[in-house]
Amino acid sequence: MAEQDLFTPRPEYPRPQFVRSDWLNLNGVWEFAFDDADVGLLEGWAIRETPLGGEILVPFPFQSGRSGIGQSDLHDILWYARWFDVPDSYLGREVHLRFGAVDYEATVWVNGCRLGSNRGGHVPFSFNVTPFLRSGANRLVIRVVDTQEKTQPRGKQFWRQTPEGCLYTRTSGIWQTVWLEPLPARRIESIRITPDIDRGTARLQAYLVRPGPDDTLHLAVSRLGHQVASVAIRAPRGEVDLDLALGRVDLWSPERPNLYDVELELRGPEGVADRVASYFGMRKLSVEGPRVLLNNRPYFQRLVLDQGYHPEGLLAAPADDAIRADVEWAKRFGFNGVRKHQKVEDPRFLYWCDRLGLLVWGEMANAWEYGPAAEEATLEEWARVIRRDYNHPSLVVWVPFNESWGIPGLQDDPAQRAFVRRVVGLTRSLDPTRLVVDNDGWEHTDETDLCTIHDYTADGEAFYERYAGTALGDYPPAWDRYPISLEGAADRKPLLFTEVGGYLTEPPGVPPAERDPLYRAYGSISSEEELLERYRGLMAGIARLGHSAGFCYTQLTDVEQELNGLLTFDRRPKIDPRAVAAVHRRLFAGVER
């Protein structure tokens, strides 16, 4: 791995919604060891300064080839370590150690001192390491526990060694950027931006740490380099809450992803104490009868399912360019959004959706068994996901559950149904601006904003006949097992088919009897011409229905053994994107008016 030590992977700043210019990227080659016998704590690995024995390239999971290890064996306990020097320019400031995401439980030491722990595989966390630093070299050690427990929110990460069906190889340990950030004692801690297109204002809430009595927060909003609003305000109690009038508003949409830039400066008598950059988009999601509205106009959602897996890094994207490329592929195929499936994405993905124009349905990675431990872990992590991603204009729908995963007794168990209502209520309390789908695909409670159905009927005419009625009561149960609406309230909500298609490419040289069971559930295609014909027919059936508010095609890319992508796992198109985009233009132009 010596040659990989010559560069820093994922060099871009990892928090695009809250940017500071001064930071130190800690990605790169780290020491690494498996601890299958769980002896590391007893033997003092956290405090010793001798090497762990192996190496890994951070921020890639050990199961991925990009990490330099590429081993899919089950290892529940992992240790990471590295040395780092603190730049002289950081002296006199608080130094914070930040992690983008570590799956699943992480405990952190610096110079033998325990900083604390974090639980949650998709969310960021940080520690103030200032009291524990010393001059010269400092040693950072991390112990990660990632078991195969099914009450742990894991999404598509399979708990067995070999992936199968629609479940994939696990991502354990560090899988997003690790960095140091020097902070002034008086600083801007966070910001929250809420657009109101009807009033032409943006509500900006900022939280400050230790502001002085003479400190002033200066905010400047600009569009394409021209300032459109500015204000200076004192906040001795550390909170700012104000509405910024923007004048003529440039709305955000996938077709016109207009963004406003925000500069925030905390100033005192001695000058600028802290400076942060952010951005926002002016857009609104709402429901009117059977339609979903974007910016007060009916908007038909042409979504594609996106698992966010990469052949080199699994859940970890190999580079920022790879993240941008996935967004561009979705747009090239003529989709206006993605349903991010069972993965809380890297913030850089949402950044590129904001910049390039792509709607996002944000979905929690579900547990696979129900119980108090699953409830607690889901509620804790989901709240942090919502807070992290609140400012992204591309994110329009929250989906806490998919296909009753982790809540298998939803029909008969009042506790599970109450849990779903509690999660939906939490979602709305933290973010009342977006729509919420309680349980995507089937078994909706009365809390959902949208009725969503998963149906892999392959033939477009058969699909049309199945859903030609205008009321949910006319439809057969999804997958012939589950009622679409548990309490009838979903009958009055907009209807979207949020998993359709799924046409699998026939694996070369594998007889039908030896193929994955997925091929019996989905059917398969053998050529680009057949794929386009099937796709065109299915879309024609959906377009004829008229009363649908959108669809989501399964899926953008192949993932490991699941070969139903429009792109292969390594992002080669199986079908001309222009042909797929042309189908969308021809069939759905009238629906979108």
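A Förster radius of 25 Å combined with the Cβ-Cβ distance from Ala37 to Glu369 puts the calculated FRET efficiency at roughly 0.40.
Shown for the range 198-280 is the translational diffusion coefficient from the Stokes-Einstein equation, using the Kirkwood radius over Cα pairs, a temperature of 10 °C and a viscosity of 1.306 mPa s: 116 µm²/s.
Evaluated at q = 0.10 Å⁻¹, a Debye calculation over the C-alpha positions of the range 285-588 (equal weights, vacuum) places log10 I(q)/I(0) at -0.53. Going from the fewest other Cβ atoms within 10 Å to the most, the residues Phe127, Phe333 appear in the order Phe127, Phe333. Distance between the pseudo-spin-label points of Arg160 and Ala489 (7 Å out from Cα toward the beta carbon): 3.8 nm. Principal axis extents of the C-alpha atoms in the range 465-593 (largest first, rounded to whole Å): 47, 35, 23.
Net length available on complete extension from Leu242 to Arg210 is 9.5 nm, with 0.36 nm assigned per residue and the Cα-Cα distance removed.
Taken about its Cα centre, the chain carries a charge dipole of about 1840 debye when Lys and Arg each add +1 at the Cβ and Asp and Glu each add -1 at the Cβ.
Legend: calculated FRET efficiency, Ala468 to Glu380, from the Cβ-Cβ distance at R0 = 41 Å, rounded to 0.05, equals 0.40.
Label-to-label distance, Glu530 versus Asp413, with points set 7 angstrom from Cα along the beta-carbon direction: 4.1 nm. In this structure, the amide hydrogen of Gly54, modeled 1.01 Å from its nitrogen in the peptide plane, lies closer than 5 angstrom to those of Phe32, counting only residues at least 5 positions away or on a different chain. Taking the alpha-carbon distance from Lys493 and a cut-off under 27 Å, which lysines remain once sequence neighbours fewer than 8 residues away in the same chain are dropped? List returned: Lys284, Lys340, Lys343. Where a ≥ b ≥ c are the square roots of the eigenvalues of the C-alpha gyration tensor, would you call the range 2-183 rounded, which needs a/c under 1.5, or, failing that, prolate if a/b is larger than b/c, or oblate? The shape class here is prolate. When the Cα gyration tensor is reduced to axis lengths a ≥ b ≥ c, the ratio a/c is 1.5 or higher for the chain, and with a/b not above b/c it is classed as oblate.
Please report the antiparallel percentage of the DSSP beta bridges confined to the range 285-588, to the nearest 5.
25
Estimated purely from DSSP H runs of n ≥ 4, each contributing -39500 (n - 2.57), the mean residue ellipticity at 222 nm for the chain is -5500 deg cm²/dmol once divided by its residues. This ranking places Met282, Met364 by how few other beta-carbon atoms lie within 10 Å of each, fewest first, which gives Met282, Met364. Loop-located GluC sites (Glu not before Pro) across the range 518-593 with a Cβ neighbour count of 16 or fewer within 10 Å are Glu592, with loop assigned by DSSP.
Restricting the chymotrypsin sites (Phe, Trp or Tyr not before Pro) of the range 1-109 to loop positions (DSSP other than H, G, I, E, B) with no more than 15 neighbouring Cβ atoms within 10 Å leaves Phe7.
Restrict the search to the range 140-209; then list the chymotrypsin sites (Phe, Trp or Tyr not before Pro) that DSSP places in a loop and that have at most 14 other Cβ atoms within 10 Å of their Cβ. Don't jump to the answer; show the numbers that get you there.
Numbers: sites: Phe158, Trp159, Tyr168, Trp175, Trp179, Tyr207; in loops: Phe158, Trp159, Trp175.
Filter output for the range 140-209: Trp159.
Think of each Lys and Arg Cβ as +1 and each Asp and Glu Cβ as -1; about the Cα centre, that makes the dipole of the range 2-183 roughly 520 debye.
In the chain, the DSSP beta bridges split such that about 75 percent are antiparallel, to the nearest 5. Listed from fewest to most Cβ neighbours within 10 Å, the set Glu43, Glu381 follows the order Glu43, Glu381.
With a cut-off of 12 Å on the backbone N, the residues of the range 111-130 near the modelled label site 7 Å out from Glu49 along Cα-Cβ are 111-112.
Each value in this text was obtained by applying a stated rule to the coordinates, not by laboratory testing. What you see is a predicted model, and the numbers here were worked out from it, not measured in a lab. Here Cβ is always computed from backbone atoms with ideal geometry, including for glycine, and neighbour counts include all displayed protein chains.
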